[in-house]
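Asks: Supplied in structure tokens, the structure appears directly below.
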Amino acid sequence: ANLGIQLKISDDTPPGTPLVVKYTISGDAFEIRYNDNQVVFTEIVNDTGPNLRVDKHTNWHWNYNGDQYYELNYQPIIQNMGTQPIFGATIVDTYPISTTLINCGWNWGPGGMHDCIIDEPNHKVTFIIDRMDPGNAANAFLNVKLNDEVSGIQGLDFVNQVEAPLEGDVAPADNIDTVNSYTGLDVFITKWLDDAELRPGGLVTYTVEFGNLNRWPFNGNMVAGSHVTETLPIGMTFVKAIPGWDQQNTWEPESINGQQVVWGWGPMWSDSAWTFKLVAQIDDDVLPGQFINMIEANNDRPIDIELNPDNNFFEYLLSIPFRLYLPLSSKAP
């Protein structure tokens, strides 16, 4: 569902003022995760005058028709955020090396949009709009395919940059945008604390989220699969795991070796995430202090190249406080 809200900026708001909007949705009792129920958006009030903005979006695509190849779809969004019309807005998009342009054009926008101008030797596409009034927006597109010499190679970074220079722009920083597209998996894992009895013998419940951040078609291998490994600190004992995809049952570990708990998992599908509850118990004889939990998610096929190995593991620092117990005073009769 889409929801649009229109707000008016007060006339006396000085330029540079941050406008912070927070959207919150009420969670359901049976919701798997709650950390995505709120989003905060910040916009800066600019001075009066011309203000052209570009924002770039991209997606991977695997072309099945005829010759099969990897394709990148780019969509620059151009907006007149200023207080006066802009004439002859010129947007230059530089697409990545080792790619070949398939096509380019417009999805929507105001009148006066020219056909895209192609400069293949320099990997550039130029879009021109005759006039953009304040509040006008336009959406262009260009699609490129990976050249044969790089198709199927993991660990590559394809950089695309779009520029919309405008003389006298009151906010020139948003006249340029760059997006990076990577080949290969981007496995990640994170955890946050749900509930805790921070005392000897108390139960601690985490929510763990793991998955693959990269877009289709970069999936994990169906045969090799993957693993999730939790290493509990000395002083804590594993109790159970409750999967978000089947909350009526527990997710049984593949192995438990001392403080290390390991679960087997299938392929890390692209653009996907899964969550589970991890319940551990603080030992009865534990002393106050700080305890580090470490959890990892790993794709099991060695030839796959990870885009960002740093987000394959996550550490959570849990502090068990000192408690002071005073004897009850007694008074003689």
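The values are calculated or read from the model by the stated rules, or taken from the named source; none is laboratory data. In this text, all values refer to a predicted model and were calculated from it rather than measured experimentally. Heads up, the Cβs are rebuilt from the backbone with ideal geometry, glycines too, and the neighbour counts pull from every protein chain shown. Each accessible area value is taken on the protein alone, full model and side chains, heavy atoms only, with ligands, DNA and RNA left out. Shrake-Rupley method; radii C 1.70, N 1.55, O 1.52, S 1.80 Å.
Asks: Cut-off 14 Å, label point 7 angstrom out along Cα-to-Cβ of ASN63: give me the residues of segment 92-107 whose amide nitrogen falls inside.
Replies: From segment 92-107, the list is 99-104.
Asks: Fully extended, how many nm does the chain gain between TRP106 and ILE234 (0.36 nm per residue separation, minus their Cα-Cα distance)?
Replies: Separation in residues times 0.36 nm, less the Cα-Cα distance, equals 40.1 nm.
Asks: Let me ask something additional. Which order do VAL159, VAL54 take when ranked by solvent-accessible area (1.4 Å probe, heavy atoms of all protein chains), largest first?
Replies: Reading off the accessible areas and sorting them downward yields VAL159, VAL54.
Asks: Taking the Cβ of VAL204 as the centre, find all other residues whose Cβ is under 13 Å away and add up their charges (Lys, Arg: +1; Asp, Glu: -1).
Replies: Cβ neighbours under 13 Å give a net charge of -1.
Asks: Apply 1/(1 + (r/R0)^6) to the Cβ-Cβ distance of GLU43 and ASP284, taking R0 = 45 Å, and write down the FRET efficiency to the nearest 0.05.
Replies: 0.30
Asks: Next question, about the same structure. Heads up, I need the accessible area for THR42: 1.4 angstrom probe, whole protein in place, Å², nearest 10.
Replies: 70
Asks: For the chain, set up a Gaussian network in which alpha carbons nearer than 10 Å are linked by springs, and say which option among PRO96, PRO217, PRO302 fluctuates the most.
Replies: Maximum fluctuation in the GNM of the chain, among the listed residues, is at PRO302.
Asks: Report the charge-dipole magnitude of the chain in Debye, nearest 20, computed about the Cα centre from +1 at each Lys and Arg Cβ and -1 at each Asp and Glu Cβ.
Replies: So the dipole magnitude of the chain works out to roughly 860 debye.
Asks: I'd like to know which of ALA241, LEU307, TRP269 lies farthest towards the positive end of the charge dipole of the chain, counting +1 on Cβ of Lys and Arg and -1 on Cβ of Asp and Glu.
Replies: ALA241
Asks: With every protein chain present, what accessible area does ARG215 have (1.4 Å probe, heavy atoms only), rounded to the nearest 10 Å²?
Replies: 90
Asks: Which pairs in the list LYS22/LYS145; LYS8/LYS191; LYS22/LYS56 are over 31 Å apart, alpha-carbon to alpha-carbon?
Replies: LYS22/LYS145; LYS8/LYS191, as the Cα separations exceed 31 Å there.
Asks: Another question, if that's okay. Placing +1 on the Cβ of each Lys and Arg and -1 on the Cβ of each Asp and Glu in the chain, which of ASN219, ILE189, CYS104 has its Cα farthest towards the positive end of the resulting dipole?
Replies: In the chain, that residue is ILE189.
Asks: Pick the calculated semi-axes √(5λ) of the Cα gyration tensor in Å for this structure from (i) 42, 24, 17; (ii) 49, 30, 15; (iii) 46, 26, 18?
Replies: Recomputing semi-axes √(5λ) of the Cα gyration tensor in Å here gives the entry labelled (ii).
Asks: Could you sort ILE44, ILE242, ILE282 by their accessible area in this structure, using a 1.4 Å probe and putting the largest first?
Replies: ILE44, ILE242, ILE282
Asks: Sorting LEU287, LEU185 by accessible area (1.4 Å probe), largest first, what list results?
Replies: Highest to lowest solvent-accessible surface, that is LEU287, LEU185.
Asks: Which length gain, in nm to one decimal place, applies between TRP216 and ILE303 when the Cα-Cα distance is subtracted from 0.36 nm times their residue separation?
Replies: Length gained, TRP216 through ILE303: 29.5 nm.
Asks: Separate question: Can you figure out the FRET efficiency of VAL20 with ASN122, using R₀ = 45 Å and their beta-carbon distance, to the nearest 0.05?
Replies: 0.65
Asks: Any idea of the accessible area per residue across the chain, 1.4 Å probe, to the nearest Å²?
Replies: Here the per-residue accessible area is 57 Å².
Asks: Now for a different question. For a quick check of understanding: with a 1.4 angstrom probe and all protein chains in place, what accessible area in square angstrom does LYS22 have, to the nearest ten?
Replies: Rounded to the nearest 10, that gives 130 Å².
Asks: Something else about it: Each label point is 7 Å from the Cα along the Cα-to-Cβ direction; what then is the distance between the points at ILE292 and SER255, in nm?
Replies: For ILE292 paired with SER255, the spin-label model returns 2.3 nm.
Asks: Here is a follow-up. Can you send over the carbon and sulfur percentage of the accessible area for the chain, probe radius 1.4 Å, protein chains only?
Replies: 53
Asks: Next question, about the same structure. Applying 1/(1 + (r/R0)^6) with R0 = 25 Å to the Cβ-Cβ distance of SER151 and ASN311, what FRET efficiency is obtained, to the nearest 0.05?
Replies: Once rounded, the FRET efficiency stands at 0.45.
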